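Chemist: Handing you a structure now.
The values are calculated or read from the model by the stated rules, or taken from the named source; none is laboratory data. Everything numeric in this text was worked out from a predicted model, so none of it was measured. Because the Cβ atoms are built from the backbone with ideal geometry, glycine has one as well, and the counts that use them run over all protein chains shown.
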Amino acid sequence: MRFALLILSTCSCLVASAQRINREALVRRHTVKLTTPDTLGALSVGNGNFAFTADITGFQSFPDQYANGVPLGTQSVWGWHSYPNTEQFRFEETLREYKLDGRTIPYPVQIKEPERNKRAVDYFRVNPHRLQLGNVALVILKEDGSRATLADIQHINQQLDMWTGELRSAFTVQGQRVQVSTYCHQQCDAVSFKITSPLLKTQRLKIQVQVPAPNGQFKDVGNNFARHQHQLELSTQSASAVLKVTQDTSRYYISLGWQQDAALNMEHNKLFISPAAGDVFECTAAFTPQPTDVVPAFAKSENSSRLGWKSFWSSGGAVDFSGSKDKRAVELERRIILSQYLTKLQCSGPYPPQETGLTYNSWYGKPHLEMHWWHAVHFALWGRPELMERSLEWYFSAAPLAKAIAQRQHFEGLRWQKMVDHAGNESPSSVGSFLIWQQPHFIYMAELLYRHKPGKAVLDKYSELLFATADFMASYPVYDSAKKHYNLGRGLIPAQECFDAVTTYNPTYELSYWHWALNVAQQWRVRQGLPRHPKWDEVIKTWRLCHNRTTCIWLRNQPRLLHQRTLPRRSPGGAGRVQHDPGRERTGYNRDAQHLTPRLENLEVERYLGWDFPLTAMTAARLHEPAKAVDALLMPIRTNTYLKTATITRMAGSRFTCPATADC
């Protein structure tokens, strides 16, 4: 997901120092409120490791109706599955050799023939895939005994209180009031519910738990109930039950607990909890990779959520636009608050997140490392570096695989691929395998940590990985003996993802980012008392030459003429998009290069994707054009429309109409 928060990490915000910001008032004035069923308005609770996305009932009662909007997912960082490799495919069958500047380099790409190789590619793209762990629905029976539909839900008042993490859902069915409070525990992967309704006394409310099967597709919205590929084993005790879910070699547990009297029964792979009496019922569903006896009561989940979210909002930076006379200030502030909420619950876990977080699968639920920067660095830039650092731990476990990729391609160090699974295994892709702009991200994030905590501890922990990352970056460029400089490429696809890998070299954005990162790597060597690395300096120094006269930018106050073909999409001021000098005024290029300043009236914004608007705004902000930055952020274009939940519409559904030629 790309959120409005990302741009604000590079903007300068003027905050009155005369008084402290009332953070609770700031957050709560952006409480999400829904009064009608909205399939694009599903709301999530979560803790960074686990998320539960609910419909208008506070449960996941209508998964089919929400499938084409924001789906009702239950996902974790640990829940993965692979179909059995019955044909004994080997990853080597996905490789194709490319002869580039005297080097033969194997890349895993989407081979279409021979047929076995194509099937091998398909297998390794699909597997492993993230699981939708379970659907927890509220079954509402009407007076005639039939099940209520979404159209029967009336007089709706649903509110997401981001200060406490509570999702409050109130509605009526045939004139009978139902109130639901939904919380996610912040220390364990559990979601708790409190139902208050006279319908409980007449046994017209039930809780239904069912497990969707993985669909093996690019997009999995968690409503594949027709095929029961898994085994469910139920064990019960008084006021509790455990579902053991087995799907091939994947195994996990759904543990259920409740406080009031209830009956339990299993029908057609669906588990029903039927409250027996009273007008209040509390229950919890905990999802774990191992069996557990700990199922927190509703009150414990409520307390955990309230304390956890208060701690989050009380930490780090805050910005209050309430004093602004600009009518757009309210919307900008709303995006900031909701984006921080969404990224905290979706992206603050121990792994790089997938682009759709923990709501539903895109690209089979696999992370894209070029997007890790977007999902993580804002935590540090807003004064919460510990949330970014959680996912940096993953690079240590994935390093052996990154090293194997570099060795297979005859490079040094560690090569961080674009599309990986939770363990770090690469996925075949005719685009992703050639992307390189994710490579400096680790250096950038480690540098952010050092600037927050300068000292030996950060240097000692991350230097080895950082230096190995730089080793690849220095061994990858090709030396041009005639022109006496190194070229970045051939054999790469820039961030635009539309250029030919075989013929493209020296794209402006990637070249400037690599230049910055190698210089930072040298700074780390100096901080460690080590001499500068001669090979890194050799590469850095040759990039001072002007390669051609297509585009001129400034790098470290040296004029730079770089090879770049541009497109309206993802093109304006590419070198300025990522803040190459985190936390510092100097950005790696000179603001006097006015031809890089985005002229919004000249951009083909109708072709933009959702993330291109904040990218344009970031460029304007770094060139000290704050008015243009805000104009870009709030441009009234369909792909720049943010929902009531602050999720951009591009990620809510429209993105997934893929042309046949797309890398989907």
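Chemist: Counting only residues that are touching a Phe, Trp or Tyr at 6+ places or on another chain (Cβ under 9 Å), give me the strands (runs of 3 or more DSSP E) lying completely in region 174-259 with at least 2 of them.
Modeler: In region 174-259, the matching strands (runs of 3 or more DSSP E) lie at 176-184, 190-196, 205-210, 240-247, 250-258.
Chemist: Kindly list the number of the only condition in (1) touching a Lys or Arg at 6+ places or on another chain (Cβ under 9 Å); (2) over 20 Å from residue 539 (Cα atoms) that fails for residue 401.
Modeler: (1)
Chemist: Looking at the structure I just gave you, is residue 168 over 26 Å from the mean Cα position of the chain (by Cα) and over 22 Å from residue 261 (Cβ atoms)?
Modeler: no
Chemist: Identify the residue in region 483-522 that is touching a residue at least 60 places away in the same chain (Cβ under 8 Å) and of a type in the set (D, E, K, R) and, among all such residues, is surrounded by the most Cβ atoms within 10 Å (Cβ to Cβ).
Modeler: Going through the qualifying residues, I end up with 510.
Chemist: Now a separate question. With the requirement that a residue be farther than 23 Å from residue 118 by Cα and either of a type outside the set (Phe, Trp, Tyr) or buried (at least 23 other Cβ atoms within 10 Å of the Cβ) (or both), what does region 424-443 give you?
Modeler: The initial filter retains those residues of region 424-443 that are farther than 23 Å from residue 118 by Cα, namely 436-443.
The answer is 436, 438, 439, 440, 441, 442, 443.
Chemist: Which condition number does residue 479 fail, the rest of (1) over 25 Å from the mean Cα position of the chain (by Cα); (2) outside any strand (DSSP E or B) being met?
Modeler: (2)
Chemist: Kindly indicate whether any position in region 35-56 is on the phi > 0 side of the Ramachandran plot and surrounded by fewer than 20 Cβ atoms within 10 Å (Cβ to Cβ).
Modeler: No, region 35-56 has no match at all.
Chemist: Is at least one residue of region 209-222 surrounded by 18 or more Cβ atoms within 10 Å (Cβ to Cβ) and charged (D, E, K, R)?
Modeler: The answer is yes; a qualifying residue exists.
Chemist: Right, here's the next one. Quick one: in region 458-482, of everything that is crowded, with 22+ Cβ neighbours inside 10 Å and of a type in the set (Gly, Ala, Ser), which residue is farthest from residue 528 (Cα to Cα)?
Modeler: That would be 474.
Chemist: In region 83-94, what count of residues is obtained for those that are crowded, with 18+ Cβ neighbours inside 10 Å and either assigned by TED's automatic domain parsing to the domain that holds residue 502 or in contact (Cβ under 8 Å) with a residue 40 or more places away in the chain (or both)?
Modeler: 1
Chemist: Hey, does region 315-332 have a residue that's in contact with a Ser or Thr (Cβ under 8 Å, 6 or more places away or on another chain), assigned to a helix (DSSP H, G or I) and closer than 26 Å to residue 284 by Cα?
Modeler: No, region 315-332 has no match at all.
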